[in-house]
């Protein structure tokens, strides 16, 4: 009895690519049901059961065909094709700008867009800030709830975080549990405010009763200092490291303005005027 | 992930921004009122350099927080029992470099305070102004009480204090005590006004812990180095202190 191997796959790009490979198509054409199914195109998703086998007597093969969408005999040619397709997929992935797991932008996009924003800052003089966010206790989730739960956490919290940011901000997954935030036309004062709100939001999430916190490192781009793209990225990374060292759930930042003054806006004249109105108010009787 | 085995004391910081608003008077009387309710209370005089609590209580401290900061004594060593039924960590007066030194050791002091056993509440009486030390003590505390009165300068300083604590450290929960108002209604009115501005510009509401009406008994008790809550327990002021103490101890955790 020959060894049979069951392969299930989704009707996705990879399968369609097989469609285009002529030699594989030849194999598939014998399976009329499958070729029809493929010709229908990419609309909708479906289950595809392929059985890869070694050489089979035709009676056995017929039997198998009744239970599967396709029965494909393994040969050197097929293996080579699969390797080729895999290589192509990998190349496509490296060209991609979105993160596979979360669907957010990826590091490639982040660096690309950071370059754009830095150029814009140089030209227009509008400030721009970036931040790197890292969860303090993601490992705990991974260890105690399992990796799939960890992935689910990253995906859901990633999307929630994106919703909390302004439409002009970019949230990217840099890898692991590290996220990058790009804030165009935003000074350090506002950027810190945004980071602080995001941090608070994360603290308020109780993921399966785990309290999660995040550390954030931030850097403001100052065109006067002629900092290069990777240098700015590293500055934010150093600040992230500092935030972690400071005891986690912290925000650390570097920018043009003094750290303290950066975060503190003085009491405005409007606030002051209203505050002093207390003397004009008539006591209620 | 939190264990409830050992209950740490709740640290409450009393601050005002402007001086002379009645922080120390309130701290001492709140502590006495809480002690009366059977709570174990520690008051820490955090005005290093210009200490007051000991004078208000008529205590002559031999050892103070200075000895703790310089490593010459433990916190346990300097704690004194007061006539108000609560304990006190006195501060020292006239040491200029205390502030800087204290700032460097704030973490150490925090750990020492948290490791103290047997206290329900620790009240920190901070000095006036917005110095680094004052900010650090406010940050260290679990709860922040701000004492305000009807003076415009006081309202301004208290608001500035709240704004800085919010902007720098994300603090957005403050208990307000309105001191020396003409009556209850004026206290409410000042609070509502102050609260509306916080809501509008900072985006969070304040809590009204209570109001103390203006009373000639207050300066008299300070002059006599007595605790008003204890000396005249049936006065209006004592009643207000008791109700604030009740509100403070009810909302623990």
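The values are calculated or read from the model by the stated rules, or taken from the named source; none is laboratory data. Keep in mind it's a predicted model, so treat the numbers as computed, not measured. All Cβ positions, glycine included, derive from the backbone under ideal geometry; neighbour counts span all protein chains shown.
Quick notes on this one:
- When B:163, B:236 are screened for being surrounded by fewer than 16 Cβ atoms within 10 Å (Cβ to Cβ) and modelled with pLDDT of 90 or more, only B:236 passes.
- Conditions (1) away from chain B (no Cβ under 13 Å); (2) in contact with a strand residue (DSSP E or B) (Cβ under 6 Å, 6 or more places away or on another chain); (3) in contact (Cβ under 8 Å) with a residue 40 or more places away in the chain; (4) over 22 Å from residue A:140 (Cα atoms): number failed by residue A:185: (2)
- Every condition in (1) in contact (Cβ under 8 Å) with a residue 24 or more places away in the chain; (2) surrounded by 15 or more Cβ atoms within 10 Å (Cβ to Cβ); (3) touching a helix residue (DSSP H, G or I) at 6+ places or on another chain (Cβ under 7 Å) is met by residue A:208 except one, and the failing one is (2).
- Subset of region B:158-202 [facing chain A (nearest Cβ under 10 Å) and not in a helix (DSSP H, G or I)]: B:170, B:172, B:182, B:183, B:202
- Among the residues of region B:112-151, the ones that are surrounded by 23 or more Cβ atoms within 10 Å (Cβ to Cβ), assigned to a loop (DSSP other than H, G, I, E, B) and within 13 Å of another protein chain (Cβ to nearest Cβ) come to 1 in all.
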